[in-house]
Amino acid sequence: KEATATALTTAKEALNSEDAPFYRNELQTAITEAEALLETGTLDELTAAKEKLDNELKAFNDYNKHFTNLKTAIANAEALIAEGVMTEGVADFQEAISAAKDKLQHATTDYSDDAEGGVAFVDAALEELNKAESTFRVQNASYANPANVITNGGMSSMDGWDVLNGGTK
């Protein structure tokens with residue numbers, strides 16, 4: 001009974017998170033079912049309710065980490081611009097950040113009942129933002145920012161330039 005009560009508390013706290021728009025209904029159903037059994041349930045019923053709560057909470061967290069990843073990427077991108085060190089292509093990068101913010105809001109409102117669709121939507125938005133950041137970094141590559149040239153282990157950019165082959169396409 002105590003373990004189920006603890007699981008209920010944890011699940012309710014997770015459900016109150018603003019950074020968790022996906023899989024809410026499923027977790028709420030598991031909470032409601034566990035609460036109904038808390039006072040009158042048998043040991044087997046309480047054990048099953050706790051297991052279901054644990055599984056639903058894990059799924060809830062797994063789905064919503066994608067949302068949090070996009071939100072973090074947006075904050076990091078804004079911080080990169082705020083540094084003011086890189087000045088080429090700021091407007092385009094800012095536009096990509098704004099698009100990602102719009103998609104983050106869209107995911108919050110339109111994918112509350114479709115966790116898998118929401119994950120795919122925010123993952124695509126994260127990929128677009130990452131490409132925009134890569135382009136921004138390459139545009140600002142210089143001796144002052146040499147790391148901006150390296151975008152992967154092969155030191156080749158996403159647009160076909162290959163540093164190892166003397167900068168040819």
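The values are calculated or read from the model by the stated rules, or taken from the named source; none is laboratory data. Keep in mind it's a predicted model, so treat the numbers as computed, not measured. Reconstructed Cβ throughout: ideal geometry from the backbone, glycine too, with neighbour counts over all protein chains shown. When the accessible area is computed, the model is the full protein with side chains, heavy atoms only, and any ligands, DNA or RNA have been set aside. Shrake-Rupley method; radii C 1.70, N 1.55, O 1.52, S 1.80 Å.
Please report the carbon-and-sulfur percent of the accessible area for the range 1-64; probe 1.4 Å, protein heavy atoms only, DNA, RNA and ligands left out.
Carbon and sulfur: 50 percent of the exposed surface of the range 1-64.
Straight-line reach from K1: which aspartates and glutamates have a Cα under 20 Å away, not including same-chain ones fewer than 8 places off?
Output for K1: E13, E33, E35, E39, D44, E45, E51, D54, E56.
Return the FRET efficiency for the residue pair E83, D110: r is the Cβ-Cβ distance, R0 is 35 Å, and the value is rounded to the nearest 0.05.
Efficiency, rounded to the nearest 0.05: 0.60.
Can you give the accessible area per residue of the range 51-97, in Å², using a 1.4 Å probe?
On a per-residue basis, the range 51-97 sits at 54 Å².
Report, in listed order, any pair from K52/K101; K71/K131; K12/K65; K101/K131; K65/K131; K12/K52 with a Cα-Cα distance greater than 25 Å.
Among K52/K101; K71/K131; K12/K65; K101/K131; K65/K131; K12/K52, the Cα-Cα distance tops 25 Å for K52/K101.
At 0.36 nm per residue, and after removing the present C-alpha to C-alpha distance, how many nm does the segment from N76 to T47 gain when stretched out fully?
Result for the pair: 6.2 nm of gain on full extension.
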